[in-house]
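Step one of this worksheet: look at the structure below.
Please treat every number below as a calculation from the coordinates, not as lab data. These numbers were taken from a predicted model, which means no experiment stands behind them. Counting neighbours? That spans all protein chains shown, and the Cβs are built from the backbone with ideal geometry, glycine included.
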Amino acid sequence: MEVADYMKLPYTRLVQEMNDESGHYFYGRILELDGCQSTSDTLNGLYESLNEAMEGYIEIKMENNLPIPVPETASDYSGKFVVRLPKSLHQRLVIEAEREGVSLNQLALYKLAQ
């Protein structure tokens, strides 16, 4: 694959609006590409600079024959995970779910989505 081929893949872009001691700006990163990040004063500028950072990241990986992660899709996941929790918390959640008239699974999904 060429750099252009990787650039067309649906990588996950995380964008945050920042207000800190540096001022107001936008910060973005490509979740699948560790360390691939950029900032800009505008959203459009961030999109452009993030693409430039991504292109440079991929070029360096290719030049050094290093693996380049590809984006994962939702179909790569089952939608299930197991969580161990204290018995007392399990009890409280079951009671809350019963009060709300929903299953424990529905209550947990609601709380995770907040």
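Please give the FRET efficiency for Glu48 paired with Val70, using the beta carbon to beta carbon distance and R0 = 22 Å, rounded to the nearest 0.05.
0.45
Round to the nearest 0.05 the FRET efficiency obtained for His90 and Leu14 when R0 = 41 Å and r is the Cβ-Cβ distance.
That gives a FRET efficiency of 0.80.
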Cα-centre dipole for the chain with unit charges at Cβ (Lys and Arg positive, Asp and Glu negative), debye to 20: 960 debye
Sites excluded, trypsin sites (Lys or Arg not before Pro) in DSSP loops with at most 16 other C-beta within 10 Å, longest stretch of the chain: 9-79
Among Ala53, Ala74, Ala97: highest mean-square fluctuation, GNM of the chain, C-alpha pairs under 10 Å: Ala97
Those chymotrypsin sites (Phe, Trp or Tyr not before Pro) in the stretch 43-96 that DSSP places in a loop and that have at most 16 other beta carbons within 10 Å: Tyr77, Phe81
Helix axis angle, 43-63 relative to the chain longest principal axis, alpha carbon, degrees: 70 degrees
Local electrostatic count, Leu85, Cβ distance below 13 Å [Lys/Arg +1, Asp/Glu -1]: +4
Gyration tensor (alpha-carbon) shape descriptor, the stretch 26-87, a/c threshold 1.5: oblate
Helix-derived mean residue ellipticity, 222 nm - over the chain, DSSP H n ≥ 4, -39500 (n - 2.57), to 500: -14000 deg cm²/dmol
Karplus-derived 3J(HN,Hα), 6.51/-1.76/1.60, for each residue of the stretch 105-114, Hz, glycine and proline x: 4, 5, 4, 4, 4, 4, 5, 5, 6, 6
